[in-house]
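To keep things clear, I will list the structure first and then write my remarks on it.
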Amino acid sequence: MDTYVYEYKGRAYINLTNKCTNDCTFCIRNHKDGVGGHELWLTREPTAAGVIALLGEKPKEVVFCGFGEPTIKIEELKVIAKFVKGYGGHVRLNTNGHASAFHGRDIASELVGLVDEVSISLNNSDAEKYNKVSRSSFGVEGYGHMLRFARDCVQYGIAVTFSVMDLIGEEDIAKSKAIADDIGARFRVRQYC
Ligand code: SF4
């Protein structure tokens, strides 16, 4: 049976799709079938109503993060986020930041009032290095698309956190932090494991 909503670390995670505009070398999908005992490969993508029906207990914190890029299913995401915000829940989106490029319009503006915070893997400090690990369907342009989306979110008042992994080294961590500072995003260094 497909897993559309799963609990992880006390939050409700929503798994909308297996599609993604990246093919990251570090993607968990390359070596696992799920997270926390939940199988996350989908045989069929969910409807918004189907996901909302699974949120009956109105979880306080909802995270759009599954085995693909959630914003590919942007219409479903917006309907579900509106439901969560309607009962006072907190909404986080984990994304690669390609939503506006993928849909060909300003998606960040459509998330205002629906998404409280956005987490984006910055991965590294320039487009070439980013694409080496992300293997984006946008090629090296993927980095610029991601940065523009992050900047748009910040400008619309949506909190953005960029993350990089410690293995990129001190110099690139410092450069990545400078990019986050310039955009007005928070910055987090994750341990590679
Ligand atoms: S952006 Fe996320 S889901 Fe997509 S390939 Fe990279 S790690 Fe996996």
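Values in this text are rule-based calculations from the coordinates and carry no lab data. In this text, all values refer to a predicted model and were calculated from it rather than measured experimentally. Methodologically, a virtual Cβ is constructed for each residue, glycine included, from the backbone with ideal geometry; neighbour enumeration extends over all protein chains shown.
Overview of results
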quantity	calculated
Computed over the chain: relative contact order in percent, which uses C-alpha pairs under 8 Å that are six or more apart	19
Angle between the chain longest axis and helix 141-155 axis [Cα atoms, degrees, rounded to 10]	70
The chain: radius of gyration over Cα atoms, expressed as a fraction of 2.2 N^0.38 Å	0.98
Amide H contacts of Val118 (H built 1.01 Å from N, under 5 Å, at least 5 apart or other chain)	Leu93, Ala159, Val160, Thr161
Shape category assigned to region 119-193 from the gyration tensor of Cα positions, a/c cut at 1.5	oblate
Gaussian network model of the chain, springs between alpha carbon atoms under 10 Å - residue of Ser119, Ser137, Ser163 with greatest fluctuation	Ser137
At R0 = 45 Å, FRET efficiency that the Cβ-Cβ distance of Thr47 and Glu170 yields, to 0.05	0.45
Anchor Lys85: lysines whose Cα lies under 17 Å away (excluding residues fewer than 8 positions away in-chain)	Lys58, Lys60
